[in-house]
Amino acid sequence: MSHGPLEAEAPRRGMLRLGRLIGVPLYLSWNWSLIALFVVVLFGPQVQRLFPELGAGAYGVAFLYAVLLLLSVLVHELAHAASAKAFRWPTTEIVLNLWGGHTQFGTFQATPGRSLVTALAGPAANVLLALGGQLLMTQVDPGGVGSLLLGIFTYANWLVAIFNALPGLPLDGGRMVESAVWAVTGDQDKGTLAAGWAGRVIVLALIAGVVLVPLLQGRPPDIPLIVILVMVGYFLWSGATESIRGAQLRLRVPSLTAAQLMLPAIGLANTATVAEVRNRPIGTLAVLVGPHGVPEAIVDESALAGVSDQDADSVPAAAAARALTHGALVRASDAGRPLVDRLAAVEGSEYAVLAPDGAVCGVLRQPDVVEWLTTGRRR
């Protein structure tokens, strides 16, 4: 599952719109053809050996393997979408792709319990399909193509259910871990962080199982399994890493303050000359302020250096300044989510910082904020 607001009916580059199911737009990504090709190349010869009378048609049967896997994933995602709709969460689209698929939600308010139910719905749907497939297998000819496809369908649903239940993000099992930690700590981001690290552990465990175990047993690793591991491992590691970074960023937001990250600055009248700016205290930036005390521009240090000494008394500092976006003001006491929301609401990348008495005391730069939120370090 993935979250984030999207326009449900917007065109999707590289995707084929298949229609709507339970009121949710359904898309098929072009990169699904890669997994379909892999399945046909891998299993086509096997089907041909089992049913030589099929000839080239064996590859068509192998293609049906990929289609049955796709249908298993579709049912999985529909279960997520149906449970989300039951909680009135806006469900904007379902996408089927190389990695299986995902259900995209808009902005919503979740709880640990509802998040857990929505996560469990996907694997539970596949378990039901797998059990149904096993029941039907007792009713069909065990030696025919139909039995083979039914067996593949059953296996595919067990595979999708078990794989997605692994306890690490970005898998559904990771949402279960997230919900458990969230319920205990009261903080969803701490749950996301724990589940993201669990996702990385799963990747390492898969590498050990597919590569290291055979080597320790004195036998070569299975090459097709390694190919699958590379694709799956990349998907899992990337998703887990993205979850970790996002959680770390959100966990840092409450401790963010303008005073902590601002560069010291002094306010000067917008009529000041270059010479007057050069006389400011060492280590401070110069912010030009209008007659009503509103910061208007930040003096550019490189432009300031380009003015000769003999012209410094006559050249206005405004000629060597960058204009501030209207409303690009924050207070030194601004912090946390309100500060982030304030920065996001104003275009531009620089903001004048005001002291409690309304005087300019600093300059806050957006790249510094992003760096601190992302890494916990100042630029």
Report task. Report the calculated FRET efficiency for Arg378 and Phe51 (r = Cβ-Cβ distance, R0 = 51 Å), to the nearest 0.05. Result -> 0.15
Query - From the C-alpha gyration tensor of region 298-338, square roots of 5λ in Å - result: 31, 10, 8
Query raised in the report: If you plug each phi of region 96-102 into the Karplus form 6.51 cos²θ - 1.76 cosθ + 1.60 with θ = phi - 60°, what whole-Hz ³J(HN,Hα) values come out, in order, with x for Gly and Pro?
Result: 9, 8, 4, 8, x, x, 8
Query - Alpha-carbon spread of the chain, three principal axes, descending order, Å - result: 97, 44, 42
Query raised in the report: Which whole-number value in Å³ per residue fits the convex hull of the alpha carbons of region 149-271?
Result: 212
Query - Solvent accessible area, Å² - Val201, 1.4 Å probe, full protein context - result: 90
**Report entry** Share of carbon and sulfur in the accessible heavy-atom surface of region 141-237 [1.4 Å probe, %]
**Finding:** 76
Report task. Go through Val140, Val160 and list them by solvent-accessible area, largest first, probe radius 1.4 Å. Result -> Val140, Val160
Query raised in the report: Build a GNM of the chain with springs between Cα atoms under 10 Å: which of Phe51, Phe153, Phe87 gets the top mean-square fluctuation?
Result: Phe51
Report task. Would you calculate, for the chain, the mean residue ellipticity at 222 nm contributed by helices, counting each DSSP H stretch of 4 or more residues as -39,500 (n - 2.57) and dividing by all residues, to the nearest 500? Result -> -17000 deg cm²/dmol
Query raised in the report: In terms of modelled amide H atoms, which long-range or inter-chain residues lie less than 5 Å from the amide H of Leu268?
Result: Val287, Leu288, Val289
Report summary line: Computed over region 214-319, the Cα gyration tensor eigenvalues, each multiplied by 5 and square-rooted, give semi-axes in Å (largest first) of 59, 19, 12
Query raised in the report: What percent does the relative contact order of region 269-362 come to when contacts are Cα pairs within less than 8 Å and at least six residues apart?
Result: 27
Query raised in the report: How large is ³J(HN,Hα) for each residue in region 288-296, as worked out from phi by the Karplus curve 6.51 cos²θ - 1.76 cosθ + 1.60 (θ = phi - 60°), to whole Hz, x for Gly and Pro?
Result: 7, 10, x, x, 9, x, 8, x, 10
Query - Convex hull of Cα atoms in region 103-192, direction-averaged projection (nm²) - result: 6.7
Query raised in the report: What does the charge add up to near Gly327, with Lys and Arg as +1, Asp and Glu as -1, over the other residues with Cβ less than 10 Å from its Cβ?
Result: 0
Query raised in the report: Rg(Cα) of region 48-119 divided by 2.2 N^0.38 Å?
Result: 1.60
Query - Relative contact order (%) - criterion: Cα under 8 Å, at least six apart; region: the chain - result: 11
Query raised in the report: So how far, in whole Å, is the C-alpha centre of region 205-255 from the one of region 18-63?
Result: 26
Query - Rounded to the nearest 10 Å², the accessible area of Ile244 at probe 1.4 Å - result: 10
Query - Karplus 3J(HN,Hα) series, Hz, for region 169-182 with 6.51 cos²θ - 1.76 cosθ + 1.60 (x for Gly, Pro) - result: 5, x, 7, 4, x, x, 5, 5, 4, 4, 5, 5, 5, 4
Query raised in the report: Ranked by accessible surface with a 1.4 Å probe, highest first, in what order do Trp89, Trp158, Trp237, Trp197 come?
Result: Trp197, Trp237, Trp158, Trp89
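The values are calculated or read from the model by the stated rules, or taken from the named source; none is laboratory data. Please read these numbers as outputs of a predicted model, since none were measured by experiment. Because the Cβ atoms are built from the backbone with ideal geometry, glycine has one as well, and the counts that use them run over all protein chains shown. We work out accessible area using only protein heavy atoms, side chains counted, and drop any ligands, DNA or RNA first. Shrake-Rupley method; radii C 1.70, N 1.55, O 1.52, S 1.80 Å.
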